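Heads up: the structure comes next, in structure tokens.
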Amino acid sequence: MAKIDKDLRLLFVQEAERPLTRRMFLRRAGAAGLLVAGSGWLAACGGGGGDTTSTSTGGSSTTGGAGPTTTAAGPTTTRALDKQLNFYNWSDYIAEDTIPNFEKEFGVKVTYDNYSSNDTLLAKLQSGASGYDIIVPSDYMVTTMLGLGLLQQIDLANIPNVKNLYPRFREEPFDPGNKYSIPWQWGTTGIGYNTEKVPDFKPSWDMMWDAKYKGHITMLTEIRDIFAVALFRMGEDINTTDPAKIDKAKQMLIEQKSLLKHYTSDTYIDELASNDSWLSHGYSGDVFQAIGENDKVAYAIPDEGAVIWVDSMCVPKDAPHKYTAEVFMDYILRPDVGAAISNYVSYASPNQAAESLVSQEIRNDPGIYPSAEVSQRLQYIKELGDATQLYNAAYEEVKAA
Ligand code: N2P
């Protein structure tokens, strides 16, 4: 018992240095021999690690208008919150207490479901009333959804903490003035690799075509992300609309297929952590979550360039609980809530007021907050209008090959 107390104290000393992610906690607790089956203390740390879809918190699994319709008590008075909020977010992208704390403070049940690509999110929204109140598309996908009329304007009067954002996140080209979107987190898409299994690693997309590592390479599932890798490798614009270049990128991706373990956007954290995957095309924070579990894993932004992105909270056109969604967004923009998310998921925060609360280890990590020099090689994916069909068709061919 005394040994366990000492080990626990040690864990908390480490925690004071850098807030532990759930994964880091589990790894350290496991190493210290503290994982006891049925331990209530551990159970309190939350659900399982593979939170891909349909994770429901707050004991509710309702999707749709469970709460009373939002009504204004009077023209200028405070409105009532709904009892329910339906939130659809990327997997591995929230601190474990973010939702429980909101539920406790506001008396709102949150149903929390996950997706792992913008393509899945778009398909869900296009398939009709999703019942979601908040979704978190990336920059270019906000533009796509606006073009398709899938989003509704938000009322910034209900989100006074919008002032906490860094100025650049108040004037994003895809939504100047935050009329439709409130930034959640941002990052880059690079390579997570195993320094021991890939001793000759070079920061180049060529690594993802190295036949020596056949069966241990994974690529993400998002169409534009995958094509961006091939186009960077070709030295081309990742937003090209030239059919010949898209076709060449397609051929390159088809050649790569036999080397892949698989395409995945939500299992590679665990696969990197357990030495199963040695080279993973992945999102920065996800790779840093794997690094928290396995110190042989590292993250690289290839010399040819990489995608930078910002994901933002938006309200679908048909959201049943819009006002409650705005109150939730305001809560997320609190400095302590925003910092806790970054500290847990290892992504960069758009919240300037949270800056001093984000752990130094995260703030000073150039893989999470890239230097000015590296930033010059980063590019945003852009919405391409009709040319999107060229990518979608090419992707179908890659899938079928
Ligand atoms: C989290 C992935 C988030 C970022 N797993 C992709 N834009």
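Each reported figure results from applying straightforward, stated rules to the coordinates on display, with no laboratory input. In this text, all values refer to a predicted model and were calculated from it rather than measured experimentally. FYI the Cβ positions are ideal-geometry reconstructions off the backbone, even for glycines, and counts take in every protein chain you see.
Report note on the peptides 305-317, 159-171: ranked by the mean count of other C-beta atoms within 10 Å, highest first, their order is 305-317, 159-171. Placing a pseudo-label 7 Å from each Cα along the Cα-to-Cβ vector at A123 and R334 gives an inter-label distance of 3.7 nm. Across all directions, the average flat footprint of the convex hull enclosing the Cα atoms of segment 288-401 is 11.2 nm².
Full extension of the chain between K202 and K296 yields a length gain of 32.3 nm, computed as 0.36 nm times the residue separation minus the alpha carbon distance.
Just to verify a number: FRET efficiency for A244 and A157, C-beta to C-beta distance, R0 = 41 Å, to 0.05? E between A244 and A157, to the nearest 0.05, is 0.25. Could you work out the Kirkwood radius for segment 68-193, taking every pair of different alpha carbons, averaging 1/r and inverting it, reported in Å? Evaluated on segment 68-193, it is 16.5 Å. Can you pull the percent of Cα pairs in segment 324-365 with separation above 15 Å? Beyond 15 Å sits 34 percent of the P(r) for segment 324-365. Between S356 and E373, residue separation times 0.36 nm minus the direct Cα-Cα distance comes to 3.8 nm. Of the two radii for segment 156-312, the radius of gyration is 1.04 times the Kirkwood radius, both from the alpha carbons; that is the Rg over Rh value.
Counting other beta carbons within 10 Å of each Cβ, put K382, K214, K261 in order, fewest first.
Fewest-to-most Cβ neighbours within 10 Å comes out as K214, K382, K261.
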